[in-house]
Amino acid sequence: MQVRWTSAAAEDLESIANYLFEKTPESAARLIREIYNVPSTLKSFPKRGRVGKKEGTRELLMPSLPYVIVYQVMGDTVDTVHIVRILHSSQDWPR
């Protein structure tokens with residue numbers, strides 16, 4: 001099982017990192033690592049998240065942080081998970 005990030009998800013993570021380093025520099029690195037590492041749990045349990053708001057997606061909630069990891073499970077044998085977006089839970093999704 002592979003976990004791959006789309007460019008949109010990588011840009012989301014970069015934007016979140018910029019915001020966190022500006023607002024909470026003392027804990028930003030730890031929070032970014034947590035956000036980055038959570039999708040690795042999908043390697044073992046790709047359907048762990050709830051059915052997504054956008055067709056064909058699933059959403060993994062982060063109970064300790066207000067972020068939603070939007071992803072797609074690809075392949076008939078569920079061999080790849082694509083991280084599509086990392087969104088703040090207050091964001092209007094999908095558009």
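The values are calculated or read from the model by the stated rules, or taken from the named source; none is laboratory data. Model, not experiment: these values are computed from the prediction. Backbone-built Cβ (ideal geometry, glycine too); neighbour counts: all protein chains shown.
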Study note, to complete from the structure: When every residue in the range 1-17 that is aliphatic (A, V, I, L, M), in contact with a Leu (Cβ under 9 Å, 6 or more places away or on another chain) and crowded, with 16+ Cβ neighbours inside 10 Å is compared, the one nearest to Gln72 (Cα to Cα) is Ile16
Check your understanding: Here are some conditions: (1) more than 15 Å from the chain's Cα centre (by Cα); (2) in contact (Cβ under 8 Å) with a residue 24 or more places away in the chain; (3) surrounded by 14 or more Cβ atoms within 10 Å (Cβ to Cβ). Leu20 meets all but one. Which one does it not meet?
Key -> (2)
Check your understanding: Being surrounded by 14 or more Cβ atoms within 10 Å (Cβ to Cβ) and among the small types (Gly, Ala, Ser), is that true of even one residue in the range 51-66?
Key -> yes
Exercise for review: Working carefully through the options Tyr67, Tyr71, find the one that is within 15 Å of Ala8 (Cβ to Cβ) and out of contact with any Lys or Arg (no Cβ under 8 Å at 6 or more places or on another chain).
Suggested key: Tyr67
Exercise for review: Please indicate, with yes or no, whether at least one residue in the range 13-34 is of a type in the set (Gly, Ala, Ser) and under 14 Å from His88 (Cα atoms).
Suggested key: yes
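Based on this model, can you work out whether Tyr71 counts as in contact with a strand residue (DSSP E or B) (Cβ under 9 Å, 6 or more places away or on another chain), more than 13 Å from Trp5 (Cβ to Cβ), buried (at least 20 other Cβ atoms within 10 Å of the Cβ) and at pLDDT 90 or above?
So Tyr71 fails the test.
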**Study point:** Where Ile16 falls short, out of the listed (1) part of a loop (DSSP other than H, G, I, E, B); (2) in contact with a strand residue (DSSP E or B) (Cβ under 9 Å, 6 or more places away or on another chain)
**Key:** (1)
